[in-house]
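Remarks on the structure that follows.
The values are calculated or read from the model by the stated rules, or taken from the named source; none is laboratory data. Here the structure is a predicted model, which is why all the values come from computation and not from measurement. As a convention, Cβ positions derive from the backbone with ideal geometry for all residues, glycine included, and neighbour counts pool all protein chains shown.
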Amino acid sequence: MEKVAVVILNWNGIKYLKDFLPFVIKYTTSAQIIVADNNSTDNSVEFVRTNFPTVQLITFKENNGFCLGYNKALALINAEYYVILNSDVEVTKNWLPPLLQLMEADKSIAACQPKIKSWHNKKLFEYAGAAGGYIDKYGYPFCRGRVFDTLEEDEGQYNDTKQVFWASGACLLIRAECFAKTGGFDELFFAHMEEIDLCWRLNRMGFKIIACGKSEVFHVGGGTLPQNNPKKTYLNFRNNLILLYKNLPGKHFLRVIFMRLLLDGLAAFRFFLTFSFAHIAAIIQAHFFFYYNYRKISKRKKEFPGEGNNDLTHIIYQRLTPIEYFVFKRKKFRELPKYPK
């Protein structure tokens with residue numbers, strides 16, 4: 001059994017493999033490196049096979065998406081720890097040891113992440129994970145270093161080791177046994193928020209999720225879907241509803257879904273003011289998908305139960321993040337009143 005397997009899921013990402021796989025190989029000397037390919041048509045497989053013979057290849061005959069792709073790939077790998085690493089991430093010298101040391105020192109930690117900073121501007125945190133993620137009681141995710149679209153500069157303010165609610169799937173070190181215990185990624189998500197769902201289940205099982213400020217990587221981001229793509233709006237709103245239904249107790253979900261109808265309506269109105277009608281349609285489609293597929297989602301809730309503690313108020317933000325951000329103009333994590341300690 002390998003100690004650590006670094007697994008990069010690829011689909012037509014030869015550009016990122018050319019740019020970033022050499023950094024993974026150079027700065028990852030104590031782990032197995034694997035590229036799992038989702039039936040790419042851009043010669044990715046031949047490129048890796050020819051130029052990086054030490055990298056193990058797993059090839060699929062179809063594009064499985066992020067969730068199923070990783071589930072299928074990790075099922076083939078015998079390792080104590082997995083690193084789920086996006087192909088558009090530039091790792092740095094000594095990026096892995098601090099993460100592994102945390103996990104080895106505390107068996108209650110199921111997963112951890114480094115600081116994730118922007119490859120385009122290396123002073124800034126990156127949208128997908130920043131310095132560790134949280135969620136508020138109505139399901140809005142945010143991060144230390146990123147609240148909605150506001151990215152903070154890294155001034156060392158998050159160089160600590162901190163328990164958070166979720167860790168980013170852009171660069172995630174997770175115990176293989178914990179991944180298996182949860183059932184892995186829920187393939188219903190396809191992409192976006194699947195790691196929050198996974199971490200929520202781990203939290204409910206009593207495990208901890210940690211952000212490690214001693215390690216950092218740089219993420220390009222938006223490689224598959226840019227932030228302003230209506231498809232991304234659809235997936236974010238749809239998957240957020242699925243996330244809440246699957247993980248909240250029934251009585252809490254009814255209260256939350258009523259509030260979310262109002263808040264999602266306000267989000268649609270903001271898009272209306274900027275004539276972004278495709279995004280309004282995406283929000284409506286997301287809600288229709290959820291209600292139309294209610295029975296299917298209920299089945300998924302039973303298949304991925306995450307049985308355990310439902311009282312996670314110590315790491316779920318108990319205020320409404322959109323009000324703090326848009327109304328009171330509190331743009332940074334540390335400006336949020338009663339931010340998670």
So how many residues does the stretch 245-260 have that are over 20 Å from LEU202 (Cβ atoms) and either among the aliphatic types (A, V, I, L, M) or outside the structural domain of LYS302 (by TED's automatic domain parsing) (or both)?
-> 4
Checking ALA176 against (1) touching a Cys at 6+ places or on another chain (Cβ under 9 Å); (2) under 22 Å from ALA79 (Cα atoms), which test does it fail?
-> (1)
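Restricting attention to the stretch 321-338, and to residues there that are surrounded by 11 or more Cβ atoms within 10 Å (Cβ to Cβ) and either farther than 12 Å from VAL147 by Cα or of a type in the set (Val, Ile, Thr) (or both), which single residue is farthest from the chain's Cα centre (by Cα)?
Residue satisfying both the conditions and the ranking: PHE328.
Scan the stretch 178-225 for residues that are part of a helix (DSSP H, G or I), among the β-branched types (Val, Ile, Thr) and under 22 Å from ALA130 (Cα atoms) and report the count. Full working, then the answer.
Kept after step one, since they are part of a helix (DSSP H, G or I), are these residues of the stretch 178-225: 178-182, 187-189, 194-204.
Remaining after also requiring among the β-branched types (Val, Ile, Thr): 182, 196.
Now narrow it down to the ones that are under 22 Å from ALA130 (Cα atoms): 196.
Number satisfying all stated conditions: 1.
Per-residue answers, yes or no, for (1) within 14 Å of the chain's Cα centre (by Cα); (2) more than 30 Å from ASP19 (Cα to Cα):
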{"residue": "ALA170", "(1), (2)": "yes, no"}
{"residue": "LYS181", "(1), (2)": "no, yes"}
{"residue": "LEU188", "(1), (2)": "no, yes"}
{"residue": "TRP200", "(1), (2)": "yes, yes"}
{"residue": "PHE207", "(1), (2)": "no, yes"}
{"residue": "VAL220", "(1), (2)": "no, no"}
{"residue": "PHE258", "(1), (2)": "no, yes"}
Filter the stretch 136-146 for residues that are among the basic types (Lys, Arg) and part of a loop (DSSP other than H, G, I, E, B); the one that is surrounded by the fewest Cβ atoms within 10 Å (Cβ to Cβ) is LYS137
If you go through LYS3, LYS26, the only one that is without any contact (Cβ under 8 Å) to a residue 40 or more places away in the chain and not hydrophobic (A, V, I, L, M, F, W, C) is LYS26
Residues satisfying the stated conditions in the stretch 147-196, i.e. surrounded by 22 or more Cβ atoms within 10 Å (Cβ to Cβ), over 19 Å from LYS301 (Cβ atoms) and of a type in the set (S, T, N, Q) = SER168
When the residues of the stretch 297-309 are filtered to those that are loosely packed, with under 13 Cβ neighbours inside 10 Å and assigned to a loop (DSSP other than H, G, I, E, B), which remaining residue is modelled with the lowest pLDDT?
-> ASN309
Scope the stretch 136-166; condition polar (S, T, N, Q), over 20 Å from ARG319 (Cα atoms) and in contact (Cβ under 8 Å) with a residue 60 or more places away in the chain; matching residues | GLN157
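From ALA286, ALA281, grab the single residue that is assigned to a helix (DSSP H, G or I), surrounded by fewer than 16 Cβ atoms within 10 Å (Cβ to Cβ) and modelled with pLDDT of 95 or more.
ALA281
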